[in-house]
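Novice: Just dropping this structure here.
The values are calculated or read from the model by the stated rules, or taken from the named source; none is laboratory data. Given the structure is predicted, the values throughout are model-derived calculations rather than measurements. Because the Cβ atoms are built from the backbone with ideal geometry, glycine has one as well, and the counts that use them run over all protein chains shown. Areas reflect the complete protein model, heavy atoms only, side chains present, ligands, DNA and RNA absent. Shrake-Rupley method; radii C 1.70, N 1.55, O 1.52, S 1.80 Å.
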Protein chains: 2
Amino acid sequence: MSPICFEFFFQITLSELKKSLFLLDKHIENMFSKACEYAIRATIFIAKESMKGKRSNLTEISKAITSPIAFTAKILQTLVKHKIIFSIKGARGGFEMLPQTINTLSLKHLVVVIDDDYSTTACIIGLNKCSSENPCPLHEQYESIRTDLSKMLEETKIIQLIEKESFKIGNHLF
Amino acid sequence: MSPICFEFFFQITLSELKKSLFLLDKHIENMFSKACEYAIRATIFIAKESMKGKRSNLTEISKAITSPIAFTAKILQTLVKHKIIFSIKGARGGFEMLPQTINTLSLKHLVVVIDDDYSTTACIIGLNKCSSENPCPLHEQYESIRTDLSKMLEETKIIQLIEKESFKIGNHLF
DNA sequence: AATAAATGGGACAAACTTGTCCGATAAAAA
DNA sequence: TTTTTATCGGACAAGTTTGTCCCATTTATT
């Protein structure tokens, strides 16, 4: 990001300015990485359009899901590589998803593809010797939450996510 | 990290080497940042020692909880600033925790202090217009998990974590 | 055939998190 | 009083994630 300059007096980056004005989101609970968030949002969008027989292009997708376009392009490339979606190059090209994939793809699979791995058994405080035989002090409290989360990610398929009423961002539906 | 050199033939960083040898942990579900993990582990350790009337110093702490010593020092400084622990400088110095704090401090409080903020209401796929009135496609599936997690973090006090049997790392107890 | 509209892919840059280093400061012990 | 053992705090370095840019490639349209 280019520095904002005020005539030799001082020079700060945009993010430093935002931070000092309390305009930056601080750290919040991140269940997923940004890349995963965008991947899930994009997949839902593409799946919906595909069900309507429409092909989606990068510009449409990134506008609909409010994500940075070039970064989204990278993520879509990964999804193509893993055959979660497929792409058509050239004019009138774009991305589509097969009904078969929409019906069977789990959230967990999607996340694993983007983040390389996704353990739902890791210790909440990062102890690698932690297990049910040698539980960390937080093990018991976290166990059922972890199980629920893992189950949810494995059992939720894309089809379930697109059957709902459309989510509204401003005027348009997503 | 200093590059590993093999006599002019090639030069890579340690992490690149590890990555190519599949020795690096890939992305796993991170409920907390590393800083938070260390903070929680350190707090549990200091609390336990304090209950035994013992003062803990930085070296002991970082060995016990297997964390990088200088980074841990920074984290402890933050905890001191927020009066979660207190420090004594100089020889025989170290860190201690008041019984009052041990009995009342919640995990949530600890996490908020380290990470500045910790929302347990954020949308799982990062949509800021997401709410129960305008739920995102994943809202329903995630709601109960989020609630359980939030409740757990708020209700769990340090005292509960140190009442359990000690967690074993290798030979010694933590 | 030329042009326009797309995706593909590599290099690079910015921002954030994680981690190190070193000197200042404080207090106990010698 | 000097030395030793600690924390404190600032600067900086490394690593990861997030994001941008640019050009090559592919395909439809004119």
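Novice: Select from the stretch B:154-165 the residues that are in contact (Cβ under 8 Å) with a residue 24 or more places away in the chain and of a type outside the set (Asp, Glu) and write down the one among them that is surrounded by the fewest Cβ atoms within 10 Å (Cβ to Cβ). Step through it out loud before you land on a result.
Specialist: Our first condition is that a residue be in contact (Cβ under 8 Å) with a residue 24 or more places away in the chain; within the stretch B:154-165, this holds for B:154-159, B:161-162.
If we keep only those that are of a type outside the set (Asp, Glu) as well, we get B:156-159, B:161-162.
Values: B:Thr156: 20, B:Lys157: 17, B:Ile158: 25, B:Ile159: 15, B:Leu161: 21, B:Ile162: 20.
Per the criteria, the residue is B:Ile159.
Novice: All but one of (1) assigned to a helix (DSSP H, G or I); (2) open to solvent by 20 Å² or more (accessible area, probe 1.4 Å); (3) within 16 Å of DNA strand C (Cβ to nearest atom) hold for B:Arg146; state the number of the condition that does not hold.
Specialist: In the conditions (1) assigned to a helix (DSSP H, G or I); (2) open to solvent by 20 Å² or more (accessible area, probe 1.4 Å); (3) within 16 Å of DNA strand C (Cβ to nearest atom), B:Arg146 misses (3) alone.
Every residue, every condition in (1) within 14 Å of DNA strand D (Cβ to nearest atom); (2) closer than 15 Å to A:Met51 by Cα, yes or no:
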| position | (1), (2) |
| --- | --- |
| A:Thr78 | yes, no |
| A:His82 | no, no |
| A:Gly90 | yes, no |
| A:Thr101 | no, yes |
| A:Lys108 | no, no |
| A:Ile114 | yes, no |
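Novice: From B:Lys129, B:Lys108, which residue is among the basic types (Lys, Arg) and at the interface with chain A (Cβ under 8 Å from one of its Cβ atoms)? Full working, then the answer.
Specialist: On the way: B:Lys108 fails: at the interface with chain A (Cβ under 8 Å from one of its Cβ atoms).
Answer to the selection: B:Lys129.
Novice: In addition: Inspect the stretch B:100-116 for any residue being at positive phi and either away from DNA strand C (no atom under 15 Å from the Cβ) or over 18 Å from the mean Cα position of the chain (by Cα) (or both) and give the result as yes or no.
Specialist: As a first pass, look at the stretch B:100-116 and keep what is at positive phi: B:116.
If we keep only those that are either away from DNA strand C (no atom under 15 Å from the Cβ) or over 18 Å from the mean Cα position of the chain (by Cα) (or both) as well, we get none.
Within the stretch B:100-116 (the criterion being at positive phi and either away from DNA strand C (no atom under 15 Å from the Cβ) or over 18 Å from the mean Cα position of the chain (by Cα) (or both)), the answer is no, since none of the residues qualifies.
Novice: Could you list, in sequence order, all residues of the stretch B:151-170 that are at pLDDT 85 or above and over 14 Å from B:Ala64 (Cβ atoms)?
Specialist: Hits for the stretch B:151-170 are B:Lys151, B:Met152, B:Leu153, B:Glu154, B:Glu155, B:Thr156, B:Lys157, B:Ile158, B:Ile159, B:Gln160, B:Leu161, B:Glu163.
Novice: Taking only pairs six or more apart or across chains, which ones have beta-carbon atoms under 8 Å, a first residue in the stretch A:30-52 that is closer than 12 Å to A:Ile85 by Cβ and in contact (Cβ under 8 Å) with a residue 60 or more places away in the chain, and a second residue that is of a type outside the set (Asp, Glu) and open to solvent by 20 Å² or more (accessible area, probe 1.4 Å)?
Specialist: A:Ala39/A:Thr78; A:Ala39/A:Ile114; A:Ile44/A:Ile162; A:Ala47/A:Ile159; A:Ala47/A:Ile162
Novice: Further question on the same structure: Here is a check on your reading of the model: is A:His109 in contact with a helix residue (DSSP H, G or I) (Cβ under 6 Å, 6 or more places away or on another chain), assigned by TED's automatic domain parsing to the domain that holds A:Ala39 and at pLDDT 95 or above? Give the steps one after another, and end with the answer.
Specialist: Details: in contact with a helix residue (DSSP H, G or I) (Cβ under 6 Å, 6 or more places away or on another chain): no; assigned by TED's automatic domain parsing to the domain that holds A:Ala39: yes; at pLDDT 95 or above: yes.
Judged against the criteria, A:His109 is not a match.
Table: residues versus (1) more than 7 Å from every other protein chain (Cβ to nearest Cβ); (2) within 26 Å of the chain's Cα centre (by Cα); (3) not β-branched (Val, Ile, Thr).
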{"position": "A:Thr121", "(1), (2), (3)": "yes, yes, no"}
{"position": "A:Pro137", "(1), (2), (3)": "no, no, yes"}
{"position": "A:Glu140", "(1), (2), (3)": "yes, no, yes"}
{"position": "A:Lys164", "(1), (2), (3)": "no, yes, yes"}
{"position": "A:Lys168", "(1), (2), (3)": "no, yes, yes"}
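Novice: Something else now. What about B:Ser67, is it more than 19 Å from B:Leu173 (Cα to Cα), polar (S, T, N, Q) and in contact (Cβ under 8 Å) with a residue 24 or more places away in the chain?
Specialist: Spelling it out, it is not the case that B:Ser67 is more than 19 Å from B:Leu173 (Cα to Cα), polar (S, T, N, Q) and in contact (Cβ under 8 Å) with a residue 24 or more places away in the chain.
Novice: Cβ-Cβ below 7 Å, separation at least six or inter-chain, first residue in the stretch B:134-151 and under 17 Å from A:Lys157 (Cβ atoms), second of a type in the set (Gly, Ala, Ser) and buried (at least 17 other Cβ atoms within 10 Å of the Cβ): which pairs?
Specialist: Here the result reads none, with nothing in the stretch B:134-151 linked to a residue that is of a type in the set (Gly, Ala, Ser) and buried (at least 17 other Cβ atoms within 10 Å of the Cβ).
Novice: To continue, here is another question. Does A:Lys151 satisfy the condition of being surrounded by 12 or more Cβ atoms within 10 Å (Cβ to Cβ) and more than 9 Å from every other protein chain (Cβ to nearest Cβ)? Please lay out each step first, then the result.
Specialist: Details: surrounded by 12 or more Cβ atoms within 10 Å (Cβ to Cβ): yes; more than 9 Å from every other protein chain (Cβ to nearest Cβ): yes.
For A:Lys151, the condition - surrounded by 12 or more Cβ atoms within 10 Å (Cβ to Cβ) and more than 9 Å from every other protein chain (Cβ to nearest Cβ) - is met.
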